[in-house]
Amino acid sequence: APAALDPLPVLGHDVRVPLATGEEVTYAALDYAASAPALQRVWDDVAAYAPYYGSVHRGAGYLSRLSTELFENSRAEVASFLGCRADDQVLFTRSTTDSLNLLASALPHGCEVFVYETEHHAALLPWGSHGHRVRVLDAPASPALAVELLERALAARDPYGPALVCVTGASNVTGELWPVRELAAAAHAHGARIVLDAAQLAPHHPVDISALDVDWVALSGHKLYAPFGAGVLAGRPDWLREAEPYLAGGGASRHVVRGADGGVAVEWHTTEARHEAGSPNVIGAYAIAAACRALRDAGFDRLVERERQLVRRVREGLAAVPGVRVLSLFGADAPRVGVLSFVVDGWDSSRLAAALSAEYGIGVRDGLFCAHPFVRRLAGEAGEAGDGARGPRNAVRVSFGAGTPDEHVERFLRAVGELVARGDRP
Ligand code: PMP
């Protein structure tokens, strides 16, 4: 295995926050799955570019031309980072949610969409709200069962109609890795296409569109250490080229004339510009490309190895605390990224998360993580109220990544141990 790394420098590593006692400690950001801190290198790259910022695709001036070049180069860098095929398009969006809605808006008429109930709402909801028929698959108990369920569902569909499978690469609830390559093979064997929700996978693990043989990948800059309001949809150009533009406006249109019918006639671009109407988020796109460079230059395999060690430490640490149950679909030993959710017997998850913040300066998240059906199922399996009268049970999620020092993980484990020993005091 490659040698492990020190954490990468990130913004906010020395931020001091007040505790309930009035004492101050450095903030332990353990909510990477919601938004990761910016890599220092991304911040530096953006700062170096900022004085040269100009309008993209419009101006004749030097800075406009430079910005346009950097914006288009950012596409190329993201394409290379994601292992895109030669004709794939890389679209800059606002986020994973935006990317998946864009794709939903571009699906051919009559497209059936297959999703697991375990998906984040961003991957669960866009299809139906764009008028497509959605088939929800049950949460599988193993990766092999996931493939089996999909094959069965696809075999029962109209083999001549268009179909799309949407699946997460790593769960935002359990962090568990999904068998993306196998699911892609199953989709393609049944004439369906597949989009990978890589919001949680991409920050923790190299994603290669070609090797995985997925049709599209969606991700968010703010989870990929580039918090500047941009996301990516990368993949097959054909459905995108044939679809109505996601937004109508300048930049997406090639020619616009007064129509013979008294209205407006428009010819749309067939490149990425078709779905990027309006002035693009140049800094956001540039920052994502900077994050791709930073991860690549750091040696992504070494980051993966370091994170694997942190995951093992957290799993072992939590396992040693009585009454703690880590939520898992594929089993305690299933490979996962640095995202773990857990519940504690006798503790309200919201109060536990609040105590971690107030007493230890640790930032985690509690709730249902925008994956209500999934968390209800997992929490329900503990014999607690799932959909029942007491309502869904929350969980606490701890998540970390390239910038996480060992001390944050150790502080977190010590805090959980101490709080659980003391007991919940509403
Ligand atoms: N998919 C997954 C798996 C996620 O974890 C998230 C963010 N929590 C999203 C999609 C949506 O990402 P965004 O909020 O950046 O649109």
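Data table
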| item | result |
| --- | --- |
| Residue in the range 403-424 that is at pLDDT below 85 and either in a loop (DSSP other than H, G, I, E, B) or within 16 Å of the ligand (Cβ to nearest atom) (or both) present | yes |
| First in the range 231-243 and within 19 Å of ALA202 (Cα to Cα), second anywhere and surrounded by fewer than 18 Cβ atoms within 10 Å (Cβ to Cβ) and at pLDDT 95 or above, Cβ under 6 Å, 6 or more apart | GLY231/ARG94 |
| First in the range 205-228 and farther than 22 Å from ASP45 by Cβ, second anywhere and part of a loop (DSSP other than H, G, I, E, B) and within 11 Å of the ligand (Cβ to nearest atom), Cβ under 6 Å, 6 or more apart | VAL217/ALA198 |
| Any hit, the range 332-350, residues being at pLDDT 95 or above, among the basic types (Lys, Arg) and not assigned by TED's automatic domain parsing to the domain that holds ASP138 | yes |
| Residue selected from the range 318-349 under the condition in contact with a Ser or Thr (Cβ under 7 Å, 6 or more places away or on another chain) and assigned to a loop (DSSP other than H, G, I, E, B), by the criterion farthest from GLY169 (Cα to Cα) | LEU327 |
| Single match in LEU164, LEU107 (criterion: touching a Phe, Trp or Tyr at 6+ places or on another chain (Cβ under 8 Å), in the same structural domain as ALA243 (by TED's automatic domain parsing), buried (at least 20 other Cβ atoms within 10 Å of the Cβ) and over 27 Å from ALA33 (Cα atoms)) | LEU107 |
| Candidate set from the range 113-135 (those that are touching a residue at least 60 places away in the same chain (Cβ under 8 Å) and not in a helix (DSSP H, G or I)); member that is farthest from the chain's Cα centre (by Cα) | PHE114 |
| Residue count for the range 301-325, restricted to those that are free of Cβ contacts under 8 Å to residues at least 24 places away in the same chain and farther than 30 Å from PHE81 by Cα | 2 |
| Only listed residue being among the hydrophobic types (A, V, I, L, M, F, W, C) and either more than 16 Å from the ligand (Cβ to nearest atom) or touching a Gly at 6+ places or on another chain (Cβ under 9 Å) (or both), chosen from LEU39, LEU102 | LEU39 |
| Residue within the range 306-314 that is closer than 26 Å to PHE374 by Cα, surrounded by 17 or more Cβ atoms within 10 Å (Cβ to Cβ), among the aliphatic types (A, V, I, L, M) and out of contact with any helix residue (DSSP H, G or I) (no Cβ under 8 Å at 6 or more places or on another chain) present | yes |
| Neighbours by Cβ (under 8 Å, 6+ apart or cross-chain): first from the range 391-402, outside any strand (DSSP E or B); second acidic (Asp, Glu) and modelled with pLDDT under 85 | ARG393/GLU384 |
| Index of the failed condition, GLY191 passing every other in (1) more than 30 Å from VAL398 (Cβ to Cβ); (2) surrounded by 17 or more Cβ atoms within 10 Å (Cβ to Cβ); (3) not aliphatic (A, V, I, L, M) | (2) |
| Evaluation of LEU340 against (1) surrounded by fewer than 18 Cβ atoms within 10 Å (Cβ to Cβ); (2) in contact (Cβ under 8 Å) with a residue 24 or more places away in the chain (one fails), failing number | (1) |
| Only one of SER129, SER171 that is among the small types (Gly, Ala, Ser), farther than 29 Å from VAL326 by Cβ, within 15 Å of the ligand (Cβ to nearest atom) and assigned by TED's automatic domain parsing to the domain that holds LEU102 | SER129 |
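The values are calculated or read from the model by the stated rules, or taken from the named source; none is laboratory data. Because the structure is a prediction, the values reported are computed rather than measured. Note that we place each Cβ from the backbone using ideal geometry, even for glycine, and neighbour counts take in every protein chain shown.
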